[in-house]
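**Q** Let me give you the structure first, and then I'll get to my questions.
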Amino acid sequence: MSDLFHQQLQALRAQALHRKLREIGSAQGAEVDVVGQHLINFSSNDYLGLANDPLLREAATAAIAEFGVGAGASRLVSGTQSPHVRLETALAKWKGTPAALCFSSGYAAAVGTIPTLVGKHDVIVLDKLCHASLIDGAKLSGATLRVFPHNHLGKLESHLDWARRELPTDSRLLILTESVFSMDGDRAPLRELVGLKKRFGAMLFVDEAHAVGVICANGRGLVAEENLTREVDVQMGTLSKALGVSGGYICGSRSLVEWLVNRARSFIFSTAPPPALAAAATAAIEFLASDAGEQRRLTLWRRIESLRHRLTEQSVATPGATVNGSAIHPVIVGDEQAAIDLSRALQAAGFLVPAIRYPTVAKGAARLRITVTATHQEQQIRQFAEALARLRPELASAA
Ligand SMILES: *Cc1c(COP(=O)(O)O)cnc(C)c1O
């Protein structure tokens, strides 16, 4: 058995697809300690720097003092504590939906929810770049899957048209997309997706993992920014990125949430998230809804503009981010080994930006996924862009 894994691991190494964990010996932030090296971090999704913010630390500590550490049981048994209820009330209010439900992760929210929406007589149409959690949820549902090329409305329309012609009228259609795509940083055409969903009587599920905390006043996400809260059937998101904590959520109608409580397996058959995390996430939402939170979000946008400006100045192209706005700036390298080499060279120069490779992105589309946060300093952004421009041509000529 161990030989079998050894061979498989060797095969991964030969393709430059082998992955290793890297231990961080400090709190998250714009600067981190990676065994023996102090690095400036351009790889985290902690866009607002909340993961180690005193407000969240204090909320978590106070909740530990009152509620202890473990939740003791699943939500439906005896694991629903006051912090969980408060979090769901705060989430629904912030997102402007009738109801909300939290899960132990965004991944659990997706794989638990999608199979409650559709089943084997139904069809799911999803964007080619959807996150693994949406793909896994779609597979678990047993529905027929149809994939459309990234943001390609024409192909989506023809899939929906096919499904409506071929299937019984009572079968369900579900469209899955992200609002800000995690590895490319570009946005989905939500208005057009809503138009199509209405025309074909489909449901629309939008993963806002990289939009909440970043887009719209008070960080309510792209669905809110486009005024589509009432048109999107299911809004999914995570508490683990800009909100700085851990966990996932679904926002939508009261009956949707009641249905999930009764049917979502990752909700029912898993212990409730620790109450202190729910309390910290509530503090994050309250912060975002405050003036200070909005200021932090605006600072993030100044850093995003600054990174974009510096990269353009250095002639480093970042396709998704230049077209649309998000904190994610991909630099497509292509070859897997070349992406690793560039990441290593940057690490030697004091910057943490791991290479993103297959299966997170397509083979041959390896990249550096640069993320900027509100807590980066202007000077760090400038130094990083200069280092990237300096190190990149060398690698290009060596290839
Ligand atoms: C990170 C991520 C998730 C999963 O969220 P977790 O809370 O980390 O489990 C889901 N969808 C997208 C697009 C993500 O980037």
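**Q** Out of the stretch 153-211, which residues are touching a Leu at 6+ places or on another chain (Cβ under 8 Å), among the β-branched types (Val, Ile, Thr) and not in a helix (DSSP H, G or I)?
**A** Residues satisfying the conditions are Ile175, Thr177, Val180, Val206.
**Q** Within the stretch 80-101, identify whether any single residue is within 16 Å of the ligand (Cβ to nearest atom) and in a strand (DSSP E or B), and answer yes or no.
**A** Scanning the stretch 80-101, I find at least one residue that is within 16 Å of the ligand (Cβ to nearest atom) and in a strand (DSSP E or B), so the answer is yes.
**Q** Could you tell me which of the residues Leu307, Leu352, Leu342 is among the aliphatic types (A, V, I, L, M), more than 30 Å from Arg86 (Cα to Cα) and touching a Lys or Arg at 6+ places or on another chain (Cβ under 7 Å)? Explain how you work it out, then say what you get.
**A** Working: Leu307 fails: touching a Lys or Arg at 6+ places or on another chain (Cβ under 7 Å); Leu352 fails: touching a Lys or Arg at 6+ places or on another chain (Cβ under 7 Å).
From the options Leu307, Leu352, Leu342, the qualifying one is Leu342.
**Q** Kindly list the number of the only condition in (1) away from the ligand (no atom under 16 Å from the Cβ); (2) surrounded by fewer than 17 Cβ atoms within 10 Å (Cβ to Cβ); (3) modelled with pLDDT of 95 or more that fails for His150.
**A** (1)
**Q** State yes or no: is Gly252 modelled with pLDDT of 95 or more and either surrounded by fewer than 24 Cβ atoms within 10 Å (Cβ to Cβ) or within 15 Å of the ligand (Cβ to nearest atom) (or both)? Break it down stepwise before answering.
**A** Details: modelled with pLDDT of 95 or more: yes; either surrounded by fewer than 24 Cβ atoms within 10 Å (Cβ to Cβ) or within 15 Å of the ligand (Cβ to nearest atom) (or both): no.
Taking the combined requirement at face value, the residue does not satisfy it.
Okay, residues lined up against (1) within 16 Å of the ligand (Cβ to nearest atom); (2) among the aliphatic types (A, V, I, L, M); (3) surrounded by fewer than 24 Cβ atoms within 10 Å (Cβ to Cβ):
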site: Ala163; (1), (2), (3): no, yes, yes
site: Thr169; (1), (2), (3): no, no, yes
site: Ile175; (1), (2), (3): yes, yes, no
site: Val180; (1), (2), (3): yes, yes, no
site: Leu190; (1), (2), (3): yes, yes, yes
site: Leu204; (1), (2), (3): yes, yes, yes
site: Glu208; (1), (2), (3): yes, no, no
site: Val212; (1), (2), (3): yes, yes, no
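**Q** Then there's this: So which pairs qualify, if the first residue must be in the stretch 281-297 and farther than 15 Å from Ala92 by Cα, the second must be crowded, with 21+ Cβ neighbours inside 10 Å and among the aromatic types (Phe, Trp, Tyr), the Cβ gap must be under 8 Å, and the two must be at least 6 apart or on different chains?
**A** Note: pairs meeting the criteria are Gly293/Phe287; Arg296/Phe287.
**Q** Further, regarding this structure: Would you kindly identify the helices (runs of 4 or more DSSP H) lying entirely within the stretch 266-378 that contain at least 1 residues that are surrounded by fewer than 20 Cβ atoms within 10 Å (Cβ to Cβ) and modelled with pLDDT of 95 or more?
**A** Working: elements: 275-288, 291-313, 319-323, 336-348.
Fully inside the stretch 266-378 and qualifying: 275-288, 291-313, 336-348.
**Q** Looking at the structure I just gave you, is Ala60 in a loop (DSSP other than H, G, I, E, B) and either surrounded by 19 or more Cβ atoms within 10 Å (Cβ to Cβ) or free of Cβ contacts under 8 Å to residues at least 12 places away in the same chain (or both)?
**A** Working: in a loop (DSSP other than H, G, I, E, B): no; either surrounded by 19 or more Cβ atoms within 10 Å (Cβ to Cβ) or free of Cβ contacts under 8 Å to residues at least 12 places away in the same chain (or both): yes.
It is false that Ala60 is in a loop (DSSP other than H, G, I, E, B) and either surrounded by 19 or more Cβ atoms within 10 Å (Cβ to Cβ) or free of Cβ contacts under 8 Å to residues at least 12 places away in the same chain (or both).
**Q** Kindly check whether there is at least one residue in the stretch 208-221 that is farther than 23 Å from Gly325 by Cα, of a type in the set (A, V, I, L, M, F, W, C) and touching a strand residue (DSSP E or B) at 6+ places or on another chain (Cβ under 7 Å).
**A** Quick first cut of the stretch 208-221, residues farther than 23 Å from Gly325 by Cα only: none.
No, the conditions are met nowhere in the stretch 208-221.
**Q** Further question on the same structure: Give the residue, chosen from Ile24, Ile40, that is touching a residue at least 40 places away in the same chain (Cβ under 8 Å) and within 30 Å of Gly364 (Cβ to Cβ).
**A** Details: Ile24 fails: touching a residue at least 40 places away in the same chain (Cβ under 8 Å).
Being touching a residue at least 40 places away in the same chain (Cβ under 8 Å) and within 30 Å of Gly364 (Cβ to Cβ) holds for just one of Ile24, Ile40, which is Ile40.
**Q** Just to be sure I understand, how many residues within the stretch 111-141 are among the aliphatic types (A, V, I, L, M), within 11 Å of the ligand (Cβ to nearest atom) and in contact with a strand residue (DSSP E or B) (Cβ under 6 Å, 6 or more places away or on another chain)?
**A** Filtering the stretch 111-141 for residues among the aliphatic types (A, V, I, L, M) gives 111, 114, 117-118, 123-126, 129, 132, 134-135, 138, 140.
When the remaining residues are screened for being within 11 Å of the ligand (Cβ to nearest atom), the result is 111, 129, 132, 134-135.
Still in the list and also in contact with a strand residue (DSSP E or B) (Cβ under 6 Å, 6 or more places away or on another chain): 134.
Residues in the stretch 111-141 being among the aliphatic types (A, V, I, L, M), within 11 Å of the ligand (Cβ to nearest atom) and in contact with a strand residue (DSSP E or B) (Cβ under 6 Å, 6 or more places away or on another chain): 1 in total.
The values are calculated or read from the model by the stated rules, or taken from the named source; none is laboratory data. Model, not experiment: these values are computed from the prediction. We place every Cβ from the backbone using ideal geometry, glycine too, and count neighbours over all the protein chains shown.
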